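Undergrad: Below is the structure I would like to discuss, written out as structure tokens.
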Amino acid sequence: MSEEVFKKVVSHCKEYGFVFPSSEIYDGLGAVYDYGQNGVELKNNLRTYWWKSMVQMNENIVGLDAAIFMHPKVWKASGHIDGFSDPMIDNKDSKKRYRADQLLEDKIARYEKDGKTNKAEELQKSLDQALLDNDLAHLKNLIELHEIVCPMSGTRNWTDVRQFNLMFSTEMGAMAEDSDKIYLRPETAQGIFVNFLNVQKSGRMKIPFGIAQTGKAFRNEIIARQFIMRMREFEQMEMQFFIRPGTQKQWYEHWKETRIKWHHKLGFGTEKYRFHDHVKLAHYADAAVDIEFDYPFGFKEMEGIHSRTDFDLKNHQEFSGKKIQYFDSEVDESTGKPFGNYIPYVVETSIGLDRLFLATLCASFIEEEVGEGDLPAAPRLERQAGKKEMRTVLKLPAILAPVKVAIFPLTKKDGLPEVAEKIINELKFEYNCFYEEKDAIGKRYRRQDAIGTPYCITVDHDTLVDQTVTIRYRDTMKQERIPISKIKEILAEEINWKKFLG
Ligand code: ATP
């Protein structure tokens, strides 16, 4: 899929109510987006898929919903105040700001595109080393050495590379003198760490166990690009798995495998995913890998799996002065005694819901020619023979589709709308339904294809006689005459969490 298709996906999102720029009537706000009527449904369904797989399907994983605001010391303890920054560089002519590492990564991609593999590899190595050493001068050197120009001004008039903290801050308290600087969380994980003991004790959890959470996170990204790929306000779905020290390698491998399988189940093709090991480890990690997705603009991180050691709990213990330990009563065979008290180690899985949403849309977006099989239900609405027609369809897994079933009365009269209403009133408790009576059936099908509705049901005059309707399937465009009483059964076949999760 090319950049051009990506542009189509972006405009499709807007046209069909999936994603809008934030505050659009004021020309938008950089890297902030709103989810529209179909977007919110798809996003909810993706979140549900994650939540069910993590919490509902695992007896030893429980949920949490921690507040976005946290005590300022949390971010001191977590290392974010001192260490959560990106290297930035400004172009003095265009006054534009860039991430130094991304300028270099773009250059590597360019070398690769031009077949200069050696140069690409060499630069990648130098970049990894510079990031590993936190060597800002080296980054600047590389930008000069590889003659990188500002995409806006076309010049090489660069400032030095500096660190830029990505956390947003605000003040808490009604009066200025009471106010205290607090931060908008840049990750949801810390809400889990500070609640470790609360959950462990109140839930009588035994190690190994996990705590899962979904929620907003905020990062003042230096540059925002690629639509909802890099946002300043986004949603994370994170799970911290607390384990006995020394078992982290085994659990890291376990979660790598579990998570990639979860992605594969979406059915977009296993070739769309790959692992990418981190060279530069974050300040908290002893091993880390990304699951990358093949977006139209190349393979990019969608999820991170991190072995976080006891870094976070240990620091919170130190900064809060409260003991954060677990008593493990299980007997250690090597000593014959219980494992006793320790600070648990953590393996975390962290996925961005917006990046998952984007991957889902890109993988499902298809433009294809409509075959002869997609004739409208009533003969008088048939297309002229030989006339070709294209359709845009989102081939989403049915369980994720924003609307599960659309019900169309063929005409607005003769009691057909009433029958359609009756069908909706039967289905709406379980399925998101959509009613429409305007335009030719073919047109109505197209609109549902564009939002990924797996089933359309048409009520016509025969329905009044024999209680049957036409069901039309999104992917095959096949149409079938079925009794009204069979609709539920057909829907339940595909829209079925057991089938999807099992
Ligand atoms: P990147 O290298 O792309 O900035 P990261 O390594 O900083 O990402 P993590 O801190 O590991 O990301 O965060 C976990 C997940 O949160 C990422 O895999 C991604 O899906 C999501 N995420 C992080 N930053 C953003 C953002 N600015 N916009 C949307 N999603 C994000």
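Undergrad: Would you grab the residues whose amide H sits under 5 Å from the one on PHE164? Only those 5+ places off in sequence or on another chain, please, with H modelled 1.01 Å from N.
TA: The answer is ASP86, MET88.
Undergrad: Oh, and also: Could you work out the relative contact order of the chain, using alpha carbon pairs under 8 angstrom and six or more residues apart, expressed as a whole percent?
TA: This gives 13 percent for the chain.
Undergrad: Mind ordering 469-476, 481-488 by average Cβ neighbours within 10 Å, highest first?
TA: 469-476, 481-488
Undergrad: Which ³J(HN,Hα) values in Hz, rounded to whole numbers, follow from the phi angles of region 329-335 under the Karplus curve 6.51 cos²θ - 1.76 cosθ + 1.60, where θ = phi - 60° and Gly and Pro get x?
TA: Couplings: 7, 5, 7, 7, 4, 6, 10 Hz.
Undergrad: Let me ask another. Between Rg and the Kirkwood Rh of region 374-501, both from Cα atoms, what is the Rg to Rh ratio?
TA: 0.95
Undergrad: List every residue whose amide H lies under 5 Å from the amide H of ASP34, counting only residues 5 or more places away in sequence or on a different chain, with H placed 1.01 Å from N in the peptide plane.
TA: Residues meeting the amide H criterion: PHE20, SER22.
Undergrad: For LYS443, go through the aspartates and glutamates and keep the ones whose alpha-carbon is under 14 Å away, minus same-chain ones fewer than eight residues off.
TA: ASP374, GLU382, GLU389
Undergrad: Any chance you could give the angle, 0 to 90 degrees and rounded to 10, that helix 136-145 forms with the longest Cα principal axis of the chain?
TA: 60
Undergrad: Work through the residues other than ARG244 whose Cβ is under 10 Å from its Cβ and net out their charges, Lys, Arg +1 and Asp, Glu -1.
TA: With Lys, Arg at +1 and Asp, Glu at -1, the net is -3.
Undergrad: Of the listed pairs LYS388/LYS422; LYS8/LYS428; LYS119/LYS300; LYS7/LYS43, which have alpha-carbon separations greater than 24 Å here?
TA: From the list (LYS388/LYS422; LYS8/LYS428; LYS119/LYS300; LYS7/LYS43), the Cα-Cα distance tops 24 Å for LYS388/LYS422; LYS8/LYS428.
Undergrad: Starting from the Kirkwood radius over alpha-carbon pairs of the chain, derive D by Stokes-Einstein at 37 °C in a medium of 0.692 mPa s and give it in µm² s⁻¹.
TA: The estimated diffusion coefficient comes to 127 µm²/s.
Undergrad: Quick one: which residues, 5+ away or cross-chain, put their amide H under 5 Å from the amide H of LYS96? H built at 1.01 Å from N.
TA: Placed amide hydrogens put ASN91 under 5 Å from LYS96.
Undergrad: Sequence neighbours fewer than 8 away in the same chain don't count; with that in mind, list the lysines whose C-alpha is under 16 Å from LYS337.
TA: Excluding near neighbours in sequence, the set is empty.
Undergrad: Here's something else I'd like to know. Hey, what angle do you get for helix 416-427 against the long axis of the chain, alpha-carbon based, 0 to 90 degrees rounded to 10?
TA: 40
Undergrad: Cross-link partners among lysines for LYS181, C-alpha distance below 19 Å, same-chain residues fewer than 8 apart left out?
TA: Within the straight-line limit of under 19 Å, LYS181 reaches these lysines: LYS73, LYS76.
Undergrad: Based on the Cα atoms of region 270-328, what semi-axes does the equivalent ellipsoid have, where each is the square root of 5 times one gyration tensor eigenvalue, given in whole Å with the largest first?
TA: That gives 34, 11, 9 Å for the three semi-axes.
Undergrad: With θ set to phi - 60° and the Karplus curve 6.51 cos²θ - 1.76 cosθ + 1.60, what are the ³J(HN,Hα) couplings of region 66-79 in order, to the nearest whole Hz, using x for Gly and Pro?
TA: Once θ is set to phi - 60°, the couplings for region 66-79 become 7, 5, 6, 6, 9, 4, x, 5, 3, 7, 6, 5, 6, x Hz.
Undergrad: Local charge sum around PRO21 (other residues, Cβ-Cβ under 9 Å, Lys/Arg +1, Asp/Glu -1)?
TA: Spelling it out: positives minus negatives among the neighbours equals -2.
Undergrad: On to the next question. Against the longest alpha carbon principal axis of the chain, how many degrees, from 0 to 90 and to the nearest 10, is the axis of helix 100-113 turned?
TA: Tilt of helix 100-113: around 60 degrees.
Undergrad: Same structure, new question: In a shell of Cβ-Cβ distance under 10 Å around PHE365, excluding PHE365 itself, what net charge do Lys and Arg (+1) and Asp and Glu (-1) give?
TA: Counting the neighbours of PHE365, the net charge comes to +1.
Undergrad: Moving on. Quick one: 3J(HN,Hα) in Hz for region 85-94, Karplus 6.51/-1.76/1.60 with θ = phi - 60°, rounded, Gly and Pro as x.
TA: Residue by residue, region 85-94 yields 9, 10, x, 10, 8, 10, 8, 6, 7, 7 Hz.
FYI, it's all coordinate maths here, none of it is from the lab. Fair warning: this is a prediction, and the values are worked out from it, not measured in the lab. Cβ sites come from the backbone with ideal geometry, for glycine too, and all protein chains shown count toward neighbours.
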